[in-house]
1. Among residues other than Lys79 whose Cβ falls under 11 Å from its Cβ, what is the net charge (Lys/Arg +1, Asp/Glu -1)?
2. Computed FRET efficiency, Cβ-Cβ of Asp83 and Ser180, R0 30 Å: what is it to the nearest 0.05?
3. Which of Ile150, Ile82 has the fewest other C-beta atoms within 10 Å, and how do the rest follow up to the most?
4. Please work out the Cα convex hull volume for segment 11-257 and give it in Å³ per residue.
5. According to a simple spin-label model (label point 7 Å from Cα along Cα-to-Cβ), what is the distance in nm between Asp8 and Asn112?
6. Would you work out if segment 211-269 is rounded, prolate or oblate? Take a ≥ b ≥ c from the square roots of the eigenvalues of the alpha-carbon gyration tensor; rounded if a/c is under 1.5, else prolate when a/b is larger than b/c, oblate otherwise.
7. Can you sort Tyr262, Tyr40 by how many other beta carbons sit within 10 Å, fewest first?
8. Looking at segment 11-257, how many pairs of lysines come closer than 16 Å at the Cα, when each pair is eight or more places apart or spans two chains?
Amino acid sequence: MKSKTRLDNQTAIVTGSSSGIGKACAIALGQAGANVVVNYAGNSRGAEAAVYEIEAAGGKAIAVKADVSKEDQVRDMFKTAIDTYGTVDILINNAGLQKDASFIDMTLDDWNFVLGVNLTGQFLCAREAAREFLRRGPRPEMSVALGKIICMSSVHELIPWAGHVNYAASKGGVMLFMKSIAQELGEHKIRVNSIAPGAIRTPINRMAWETPEAEQELLKLIPYGRIGETEDIGNLAVWLASDESDYIHGQTIIMDGGMALYPGFRENG
Ligand code: BGC
């Protein structure tokens, strides 16, 4: 019997997969048998490296440049994916960034930039994916669901974050965006969920782990006692995209070593 965690011949678009969590998701999906569209906005070398790694392991991948906050570029990316692989089965709505500033000093550009990629980008890509799933119709031999959308959120969809209000607002937005489209698209068998990573070792939070002192401070926030690795998230993305998780719909899965457990209350309160 075919393993339910295999994604053979399904096509996945992973936005923002030239580095960090997105790159690990792209590689993990490729290893699980999916054709992967490695999307990037600027880092073509990182995207090519992800493609190379997938191909070296016997998988199929292409790199596609698109700024997910731009409607025409998102449309073109989906068109390229469909022209190359026939359809799209899985969207990992991952592209995201931080532009931190204290609230008082935050500019409208800082705000719009982060909301544009982290929230509007997820809207544009999910809408395009849902349209393609409906156009293509069911292929039960591939997957029970018509299509799967996985939104990359953050523990900061729950945990307020001073100095990062644009980012926290974008992830809070992703939470109700994801749940609302899950409510709307479930009847079509489009399965929608989020992954909410905690502190994962990537370029986005390098300052929080690159010195031993910073790492010790960060570990105070993680009851399980280690910083997450991108592969942790890649493994979950594969499972959440597979039929093994078919009855999970409209949920955020927090993957954070316990960061969202309010560790400050261990010896306080
Ligand atoms: C942020 C990281 C941060 C982590 C935990 C993530 O969503 O992008 O910079 O380390 O949340 O606070």
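Every number in this text was worked out from the coordinates using simple rules, so none of it is lab data. Please read all numbers here as calculations on a predicted model, not as lab measurements. Glycine also receives a Cβ, built like all others from the backbone with ideal geometry; neighbour counts cover every protein chain displayed.
1. Values: positive: Arg75; negative: Asp72, Asp76, Asp83, Glu128, Glu132.
Every neighbour counted, the sum reads -4.
2. On the way: r = 31 Å, r/R0 = 1.02.
Given R0 = 30 Å and the Cβ-Cβ separation, E is 0.45.
3. Working: Ile150 26, Ile82 16.
Ordered by Cβ neighbours within 10 Å, fewest first: Ile82, Ile150.
4. Working: hull volume 30.5 nm³, N = 247.
Hull volume normalised by residue count: 124 Å³.
5. Using points 7 Å along Cα→Cβ, the separation is 4.9 nm.
6. Working: a/c = 4.62, a/b = 1.80, b/c = 2.56.
Cα axes put segment 211-269 in the oblate bin.
7. On the way: Tyr262 13, Tyr40 25.
Fewest-to-most Cβ neighbours within 10 Å comes out as Tyr262, Tyr40.
8. 9
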